[in-house]
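Below is one structure, written out as structure tokens; the observations come after it.
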Amino acid sequence: MKLQPKKSIYEYFSELEDPRVDRTKRHKLIDIIIITICAVICSADTWVDIEAYGESKYEWLKSFLELPNGIPSHDTFARVFAGLDPEQLQQCFLSWIKSVSQITEGEIIAIDGKTLRGSYDQKKSQKPIHMVSAWATANRLVLGQVKVDKKSNEITAIPKLLKVLSISVCLVTIDAMGCQKEIVKQIIEQQADYVITLKKNQGYFYQRVEKLLNKLSKNEGKKSPQSDYCKSELTHGRIEGRYYSMVSNIADEVDPFGEWKNLKSIGFVDYFRSEKDGKITCERRYYISSLSNNAEILAEAIRGHWGIENQLNWVLDVQFQEDNSRIRTDNAPENLAVIRQIALNLLNQEKTVKTGIKNKRKRAGWNNNYLLKILFSSQ
């Protein structure tokens, strides 16, 4: 008897439009998608790896896939993923995520960009593609991603990503690239809050924020409600400290024309580091927010935003070898990036084995029952 694949994988991706002409369809598209997801979970990084995985697991895969003509060749995997419509694959991914994720009120949704460095093609003058992703820090889930257009940047990609996300009652964090009036407005219109890094590219707005915070640090100017929070720790033999400060009721002084939607507070964090030689360094960063005055929540948001670097981008580069991938034909880099994020989400949701992503992937490759646990962990 064939096993019935769970809806979380099988049915959501069965709606994909097949890019092949009928006479070349020797293998079912859904079989190709499922084999690829399983193979990537189990440490396959190339089309040759995926074919080899399929051949070695043929009998097991045959228990729940049709495989009318055996395992597809690596060329077939490459052609199919090069031709798949990335927007359709992304929609399937988003529908699946919405069905399996439970975003809690106040959850931090970090948005950040990442370049797939190996996707460049010098012969075709093709630059590496750049993706912008949304990461739910508490649930450790990729909620979605969009490709940055060739002649654009993250400023245009972020609104597209926000539009397809359910971020109501969440806290969206973005670095300085996303510090734009229209992006802030969109976040508020989608009933979420924001904490966004502010840098000097915002000109007079930055200067007004910096001037006010410096005055308040010296106990000058009007007394605005202020909240402070400190955190220190010993890291790699040196002491690191972070002093957070947040000030509210400042809109009249820093945004007199009301250009920044629902701006309620501004803040900064001072990073102190004591080196082994006794030298102390300090760095300050500024933030704008729709939150009420609470420096501890500001600290949580800033630290949470780093999770997209440590738990998503770093893992994709080191564990999934994303930066080293030379898959670069047509839509294949973007589509395989989605598959990697599906695999990472499934690995993060499987919690019966307390170990890292690397060991989970190895275990899944060795043990079919454990791979089934990973595939069905979101149910």
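The values are calculated or read from the model by the stated rules, or taken from the named source; none is laboratory data. Keep in mind that what you see is a predicted model, and the values were worked out from it rather than measured. We place every Cβ from the backbone using ideal geometry, glycine too, and count neighbours over all the protein chains shown. All accessible areas refer to the heavy atoms of the entire protein, side chains included, with ligands and DNA or RNA removed. Shrake-Rupley method; radii C 1.70, N 1.55, O 1.52, S 1.80 Å.
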Arrange the residues Tyr370, Tyr58 by how much accessible surface each exposes, largest first, with a 1.4 angstrom probe.
Tyr58, Tyr370
For Tyr58, what is the net charge nearby, where nearby means another residue's Cβ is under 14 Å from its Cβ and Lys, Arg count +1, Asp, Glu -1?
-3
With θ set to phi - 60° and the Karplus curve 6.51 cos²θ - 1.76 cosθ + 1.60, what are the ³J(HN,Hα) couplings of segment 68-80 in order, to the nearest whole Hz, using x for Gly and Pro?
x, 10, x, 8, x, 6, 5, 5, 5, 4, 5, 5, 5
Answer label, with volume of the Cα convex hull per residue in Å³ calculated from the coordinates and candidates (1) 149; (2) 129; (3) 162
(3)
Output for segment 276-379: trypsin sites (Lys or Arg not before Pro) sitting in coil per DSSP, at most 16 other Cβ within 10 Å, listed by number, reads Lys276, Lys279, Arg326, Lys351, Lys354
Quick one: check the C-alpha center-to-center distance for segment 310-337 versus segment 247-273, whole angstrom.
37
Heavy atoms of the protein only, probe of 1.4 Å, neighbouring chains included. What is the accessible area of Thr46 in Å², nearest 10?
60
Which of Lys147/Lys231; Lys28/Lys114; Lys163/Lys199 have a Cα-Cα distance over 28 Å?
Lys147/Lys231; Lys28/Lys114
Distance between modelled label sites at Glu309 and Asn69, nm, 7 Å Cα→Cβ extension:
4.8
The answer for the chain, accessible area per residue at 1.4 Å probe in Å², is 49
Name the longest site-free stretch of the chain, where the excluded sites are GluC sites (Glu not before Pro) in a DSSP loop with no more than 15 other beta-carbon atoms within 10 Å.
106-219
Can you find, among Thr24, Ile339, Leu291, the residue farthest towards the positive end of the dipole of the chain? Put +1 on the C-beta of Lys and Arg, -1 on that of Asp and Glu.
Ile339
Under the Karplus curve 6.51 cos²θ - 1.76 cosθ + 1.60, θ = phi - 60°, whole-Hz ³J(HN,Hα) for segment 194-208, x wherever Gly or Pro sits:
9, 10, 10, 5, 10, 10, 5, 5, 8, x, 5, 4, 4, 4, 5
Amide H partners (placed H, <5 Å) of Leu198, local residues excluded:
Tyr286, Tyr287, Ile288
Counting other C-beta atoms within 10 Å, and keeping those with at most 16, which DSSP coil trypsin sites (Lys or Arg not before Pro) do you find in segment 26-99?
Arg26
Can you list the residues, at least 5 places off or on another chain, whose amide H is less than 5 Å from the amide H of Leu291, using H built in the peptide plane?
Tyr194, Lys264, Ser265
May I ask you to evaluate 6.51 cos²θ - 1.76 cosθ + 1.60, the Karplus curve with θ = phi - 60°, for each residue of segment 134-140 and list the ³J(HN,Hα) values in order in whole Hz, giving x for glycine and proline?
10, 10, 7, 5, 6, 8, 6
